[in-house]
1. Does any residue in the range 173-189 that is within 20 Å of Thr163 (Cβ to Cβ) and open to solvent by 10 Å² or more (accessible area, probe 1.4 Å) come within less than 6 Å, Cβ to Cβ, of a residue that is basic (Lys, Arg) and not in a strand (DSSP E or B) six or more places away or on a different chain, and which pairs are these?
2. Going by what's in this entry, would Gln40 be described as within 26 Å of Val193 (Cβ to Cβ) and either assigned to a helix (DSSP H, G or I) or at pLDDT 80 or above (or both)?
3. Consider Pro97 carefully, then state whether it is modelled with pLDDT of 65 or more, open to solvent by 80 Å² or more (accessible area, probe 1.4 Å) and in a loop (DSSP other than H, G, I, E, B).
4. With the condition being within 18 Å of Asp114 (Cβ to Cβ), I'd like the strands (runs of 3 or more DSSP E) fully within the range 129-213 carrying at least 1 qualifying residues.
Amino acid sequence: MGTLLIRAAGKIEELRQRDALIDELELELDQKDELIQKLQNELDKYRSVIRPATQQAQQQSAGTLQGEQRTKRQAISAEPTAFDIQDLSHVTLPFYPKSPQSKELIKEAILDNDFMKNLELSQIQEIVDCMYPVEYGKDSCIIKEGDVGSLVYVMEDGKVEVTKEGVKLCTMGPGKVFGELAILYNCTRTATVKTLVNVKLWAIDRQCFQTIMMRTGLIKHTEYMEFLKRYGTCLFIQKPHETAVLSRLFSLCVYSLAKSPRAEG
């Protein structure tokens with residue numbers, strides 16, 4: 001009898017230690033998520049300003065650059081939003097008809113953009129369908145540095161000039177995305193964009209874009225949770241919060257693999 005009590009006490013202590021370890025790992029995951037998001041935001045702000053100027057200098061010295069090799073798909077991180085998978089499943093996204101040429105132009109522009117090219121093809125298709133037409137006359141200001149933005153644009157026709165603090169960074173023509181940081185991250189406009197001629201654009205707002213992103217992300221999270229619930233007993237998972245922690249670990253592992261040089265090669 002005494003031996004059984006000792007063994008039971010040992011098991012209880014082992015379970016207590018395991019629960020404490022899971023709580024500790026969950027806290028560490030939250031801290032790492034917050035740090036990754038902060039660093040990603042700062043990196044993207046830096047790249048959004050430096051890259052256009054660098055590209056223009058390279059084009060002037062070496063001619064038109066060849067398109068960079070496309071990388072494999074990876075998730076994109078948008079600013080936090082409180083959504084539920086049930087709510088998102090009933091959302092009806094707007095649809096604006098377009099010619100096949102316009103659809104292809106928007107798709108290729110997204111695939112050519114550093115911050116959006118790793119979206120899933122299904123997400124890109126939904127973005128293409130949701131974009132609506134916008135036109136600006138010559139010498140119009142589309143984006144002003146420092147303003148709070150809620151739209152991202154794809155240029156179909158025309159030419160614009162991009163400046164930061166009054167210094168010209170580059171000019172852009174058809175088939176280019178701009179203003180994307182405003183809907184990817186909660187930040188102000190990092191540069192000013194003005195028209196040099198009459199321009200025709202396609203636009204999508206932050207709310208519509210986030211709905212597309214969140215719906216995909218929550219569906220994947222739900223799939224991970226269902227997998228762990230079904231096969232969790234094989235992994236000695238017994239409690240709901242353990243399933244949730246491992247689901248997040250799955251997401252981080254997928255993200256890490258997608259970001260590795262081997263995955264991108």
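1. Gly173/Lys159
2. Details: within 26 Å of Val193 (Cβ to Cβ): yes; either assigned to a helix (DSSP H, G or I) or at pLDDT 80 or above (or both): yes.
The answer is yes for Gln40.
3. On the way: modelled with pLDDT of 65 or more: yes; open to solvent by 80 Å² or more (accessible area, probe 1.4 Å): yes; in a loop (DSSP other than H, G, I, E, B): yes.
Answer is yes for this residue.
4. Details: elements: 132-136, 141-143, 151-157, 160-164, 167-172, 192-195, 199-205.
Where strands (runs of 3 or more DSSP E) fall fully within the range 129-213 and carry at least 1 residues being within 18 Å of Asp114 (Cβ to Cβ), they are 141-143, 151-157, 160-164, 167-172, 192-195, 199-205.
The values are calculated or read from the model by the stated rules, or taken from the named source; none is laboratory data. Please read these numbers as outputs of a predicted model, since none were measured by experiment. Here the Cβ is made from the backbone with ideal geometry for all residues, glycine too, and neighbour counts use every protein chain on show. For accessibility, only protein heavy atoms count, side chains too; no ligands or nucleic acids. Shrake-Rupley method; radii C 1.70, N 1.55, O 1.52, S 1.80 Å.
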